[in-house]
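Novice: Once you've had a glance at the structure underneath, I'll fire off some questions.
Quick note: the coordinates plus some simple rules give every number you see, no bench work behind them. These numbers were taken from a predicted model, which means no experiment stands behind them. Glycine gets a Cβ as well: all are built from the backbone with ideal geometry, and neighbour counts include every protein chain shown.
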Amino acid sequence: MAISGDDVVGWIRRSAELLAENRDYLTQLDAAIGDADHGANMDRGFRAVLQKLPTVADKDIGTVLKTVGMTLVSTVGGAGGPLYGTFFMQAGTATSGKDALEPEDWAKALEAAVNGVINRGKASPGDKTMVDALLPALEALRSALNDGAPLAEALRRSAAAAEQGMKDTIPLVARKGRASYLGERSAGHQDPGATSSHLLLRAAAEVWSGQD
């Protein structure tokens, strides 16, 4: 049932792989409504994270996640660094001292992470940001666990909700961030931050699905 420290490290590694694989795609999305650097920034940040992981791989889960967050803040340019840094640092605070996570622990960590992003970015659902993927993912995870779903199923539902939230940003007019400068012209484009957020939750579902 539990997610081990090694599982968490595996999630970070898989996230880095997915972000590297989708680097050009994320940049294309960002070119339409942003600075055309989201893919490169996220890839650079997670490459730096991979360099740091061996130094904390034997530490508690909270320390691992906080280290990921601090590394992203210092290496990811633009708004992504503070936002993704906050995501992982808040998740790290919620899991401080833990060597394994029960499903409810992960739900609390994700809730802390999402709330941290919302507070940091001052974004609401429908603003065409990463929140539009993260909040549905959190709600789907909570709903699945409340229904008694096993962890693997809850993670899959969470990732699927993030994917749908990501797609739902396409018709939206951006109200936050660089894309908001475009006004109505931002409609018709998928939000890059929502896309990279979906990749993180997809990675968690892929790596942790065998933990039931």
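Novice: Starting from the 7 Å offset along Cα-to-Cβ, what nm value, one decimal, do you get for the label separation of SER180 and GLU17?
Specialist: Computed distance between label sites SER180 and GLU17 equals 3.7 nm.
Novice: Something else: Treating only the Cβ of Lys, Arg, Asp and Glu as charged (+1, +1, -1, -1), what charge dipole size does the chain show about its Cα centre? Round to the nearest 20 debye. Don't skip to the end; give the middle numbers.
Specialist: Details: 22 positive and 27 negative charges, 134 e Å.
Value, rounded to 20: 640 debye.
Novice: Add +1 for every Lys or Arg and -1 for every Asp or Glu among the other residues with Cβ under 12 Å from the Cβ of GLN90, and state the total.
Specialist: Values: positive: LYS66, LYS108, ARG120; negative: GLU111.
Charge balance in the 12 Å sphere: +2.
Novice: To continue, here is another question. Once the dipole of the chain is set up with Lys and Arg at +1 and Asp and Glu at -1 on Cβ about the Cα centre, which of LEU83, SER96, VAL9 lies farthest towards its positive end?
Specialist: The Cα lying farthest towards the positive end belongs to LEU83.
Novice: Sticking with this structure for a sec: Kirkwood Rh, region 38-178, all Cα pairs: how many Å?
Specialist: 15.6 Å
Novice: With a cut-off of 20 Å, note down the residues of region 80-123 whose backbone N falls inside the zone around a label point 7 Å from the Cα of GLU139 toward its beta carbon.
Specialist: 107-123
Novice: How many angstrom separate the Cα center of region 19-56 from the Cα center of region 107-149?
Specialist: With region 19-56 and region 107-149 each reduced to a Cα centre, they are spaced 21 Å.
Novice: Under 19 Å between C-alpha atoms is the cut-off here; go through the chain and count lysine pairs that meet it, provided they're at least eight residues apart or on different chains.
Specialist: For the chain, the number of qualifying lysine pairs is 9.
Novice: Using the Kyte-Doolittle scale, which helices in the chain average at least -0.5 and also have C-alpha atoms spread 20 Å or more along the helix axis, with helices defined as whole DSSP H runs?
Specialist: On the way: long enough: 5-21 (24 Å, -0.08); 38-56 (27 Å, -0.28); 61-75 (21 Å, 1.22); 80-94 (21 Å, 0.37); 103-121 (27 Å, -0.28); 131-146 (22 Å, 0.81); 151-167 (24 Å, -0.25); 192-208 (24 Å, 0.38).
Answer set is 5-21, 38-56, 61-75, 80-94, 103-121, 131-146, 151-167, 192-208.
Novice: Which listed residue (TRP208, ALA162, THR129) has the Cα farthest towards the positive end of the charge dipole for region 114-212, taking +1 on Lys and Arg C-beta and -1 on Asp and Glu C-beta about the Cα centre?
Specialist: Projecting each Cα onto the dipole axis, the largest value belongs to THR129.
Novice: Going by C-beta contacts inside 10 Å, put MET166, MET42, MET89 in order with the fewest on the left.
Specialist: Ordered by Cβ neighbours within 10 Å, fewest first: MET89, MET166, MET42.
Novice: Could you list GLU17, GLU104 so that the one with the fewest beta carbons within 10 Å of its beta carbon is first and the one with the most is last?
Specialist: Numbers: GLU17 15, GLU104 10.
Ranked by crowding around the Cβ, least crowded first: GLU104, GLU17.
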